[in-house]
Amino acid sequence: MFVIPQELSSTQKTAGNLLQMLYQDPHRWSYTFQSYSCMSRIKVHLAPVSPRLLSAEQPVQIFERSVYSDRYVFASNLYQIGWLNEIEWTVYQDWHTYLLNQFGSRVALEGIIYLQASPEKCLERLHRRGRDEEKEIQLEYLKQLHSQHENWLVKRCTELHFEHLKNIPVLVLDVNEEFEDDKTRREKLFEDVKKFVNSLKLEK
């Protein structure tokens, strides 16, 4: 099982740190940041498969973030809170739909694992992580992102534009409790993930 982490370092180096610029002047930089963020995720999806994954007996690749969460969580939220204007949101959706339809199965997902935690817990962990560019993040913003995730992955009330997403299997894992130093809790979460992945294989 191989996890592809979020491409944060490249974002930090671009245009004087786009993430920090976004939080400092969101109306000016939201479209620029979200476009770059989405393109970075598309490149990760399209990157050649690692030799280790190719040689694995039962290869599984997990992405920390996807090109779909980019639209249905982050970009959608920026539009709803007014940081993306109507024209920017329309343009974003247009090229997002076009590109993902062009790439087809190369960017399609077989399942989604949702690590569900309260906004308060996310803020606590964010402060513990201590990234300079995240100092401006407020609890209200995390509550908005939480609502977007819940609407899409739990309530299933988000309008989707890709057929394979409409009935995609979703595993919801409650990660409010700390598990990094709790071996029993960590093993339980990993076992849930393995069962979920195996169920996806049976559906093929």
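None of the figures in this text is laboratory data; all of them are computed from the coordinates on show. All of these numbers come straight from a predicted model, not from anything done at the bench. Cβ atoms come from the backbone with ideal geometry, glycine included; neighbour counts cover every protein chain shown.
Observations on the model:
- In this simple spin-label model, placing a label point 7 Å from the Cα along the Cα-to-Cβ direction at both L46 and T158 gives a separation of 2.2 nm.
- Evaluated at q = 0.08, 0.10, 0.12 Å⁻¹, the base-10 log of the normalised Debye intensity for the chain, with identical point scatterers placed on the Cα atoms, takes the values -0.29, -0.47, -0.69.
- Relative contact order (%) - the chain, alpha-carbon pairs under 8 angstrom, separation at least six: 23 percent
- Karplus-derived HN-Hα couplings along the range 91-108 (A = 6.51, B = -1.76, C = 1.60, θ = phi - 60°), whole Hz, x at Gly and Pro: 5, 4, 4, 5, 6, 4, 4, 4, 4, 5, 5, 5, 7, x, 5, 5, 10, 6
- Interchain or long-range residues, amide H under 5 Å from I62's placed H: F2, V3, I4
- Under-5 Å amide H pairs with Y114, H placed in peptide plane, nonlocal only: L171, V172, L173
- Here the Karplus curve 6.51 cos²θ - 1.76 cosθ + 1.60, taken at θ = phi - 60°, turns the phi angles of the range 62-74 into couplings of 10, 9, 4, 9, 10, 5, 8, 5, 4, 7, 7, 10, 6 Hz, with x standing for Gly and Pro.
- Listed pairs K166/K201; K121/K183; K135/K194; K135/K183 exceeding 29 Å between Cα atoms: K135/K194; K135/K183
- Of R128, R41, R71, the one that fluctuates the most in a GNM where the chain has Cα springs shorter than 10 Å: R128
- Value of [θ]222 nm, deg cm²/dmol, for the chain, DSSP H segments ≥ 4, -39500 (n - 2.57) each, nearest 500: -16000 deg cm²/dmol
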